[in-house]
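A.B. asks: The structure is given below, and queries will be raised subsequently.
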Amino acid sequence: MLTAPKTVLIAEDNAALRRVIGFALKGCGFEVTAAPDGAEAWRIAEGQTFDLVVTDQQMPHLTGVELVEQLRQSTTNAKTPVILLTAKGMELEADTLREQYGVSAMLHKPFSPSQLGALAEEMIGQLV
C-alpha cells in the first residue's frame, strides 16, 4: 500500500475497463482521474501533474503513443511514468516504445487488475 496518495491519470475508451482499472488503482492508494479518450486525457494533463499515467493504445482522437508524445513535450508531465495497455502486443515493440517515447512499461490485454496495481506501485516506488 502506498503511504501517501499518489495521482494517476487513466486514459481508456472502454468504460467498463476504465472503471476496473480505476477501482484497482484506488485499492492501491492512488487518487484516480479518468478520461474516455486520449484527447480528453491530454486536456486534463495539460493542467495537472500526475505521478503516473495508464493509457490504452487504441483510443479515439489520440492513441496511447500519441498521448505519450504530447506528455513528453509538456511542462507538467514530461517525466511522468507511463504504463501502456494494449491488445496488440505483437504489433508494438516494447524496447522501441521505451527508447523513443519513454513508455515505462507495457501490459498486454487481458491483464489482471492486481498485476496492474503491483506494477503501478513498483513504478511509484522507483520514484521515491
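A.B. asks: Looking at 16, 34, can you tell me which residue is free of Cβ contacts under 8 Å to residues at least 60 places away in the same chain, touching a strand residue (DSSP E or B) at 6+ places or on another chain (Cβ under 8 Å) and either of a type outside the set (Val, Ile, Thr) or in a helix (DSSP H, G or I) (or both)?
C.D. replies: 34
A.B. asks: With the structure loaded, tell me whether residue 7 is touching a residue at least 12 places away in the same chain (Cβ under 8 Å), among the β-branched types (Val, Ile, Thr) and assigned to a loop (DSSP other than H, G, I, E, B) or whether it fails that test.
C.D. replies: Here the answer is no, as residue 7 does not meet what is asked.
A.B. asks: Shifting gears a bit: Can you name every residue in region 59-108 that is within 23 Å of residue 6 (Cβ to Cβ) and in a helix (DSSP H, G or I)?
C.D. replies: Answer for region 59-108, where residues must be within 23 Å of residue 6 (Cβ to Cβ) and in a helix (DSSP H, G or I): 64, 67, 68, 70, 71, 72, 97, 98, 101.
A.B. asks: Identify, from the list 55, 7, 33, the residue that is touching a Phe, Trp or Tyr at 6+ places or on another chain (Cβ under 6 Å) and of a type outside the set (A, V, I, L, M).
C.D. replies: Just a single option satisfies the conditions, and that option is 7.
A.B. asks: Have a look at 103, 54, 128, 65 and point out the one that is touching a strand residue (DSSP E or B) at 6+ places or on another chain (Cβ under 7 Å), of a type in the set (Val, Ile, Thr) and either modelled with pLDDT under 95 or at positive phi (or both).
C.D. replies: 103
A.B. asks: When the residues of region 83-103 are narrowed to those that are of a type in the set (S, T, N, Q) and more than 21 Å from residue 17 (Cβ to Cβ), which ends up surrounded by the fewest Cβ atoms within 10 Å (Cβ to Cβ)?
C.D. replies: 96
A.B. asks: A further question follows. Looking at residue 29, is it surrounded by fewer than 14 Cβ atoms within 10 Å (Cβ to Cβ) and more than 13 Å from the chain's Cα centre (by Cα)?
C.D. replies: no
A.B. asks: Given 80, 76, 55, 63, which one is surrounded by fewer than 18 Cβ atoms within 10 Å (Cβ to Cβ), touching a residue at least 24 places away in the same chain (Cβ under 8 Å), touching a helix residue (DSSP H, G or I) at 6+ places or on another chain (Cβ under 7 Å) and not hydrophobic (A, V, I, L, M, F, W, C)?
C.D. replies: The match here is 76.
The values are calculated or read from the model by the stated rules, or taken from the named source; none is laboratory data. Everything numeric here is computed off the predicted structure, so don't read it as measured data. Cβ coordinates were reconstructed from backbone atoms using ideal geometry, including for glycine residues, and neighbour counts include every protein chain displayed.
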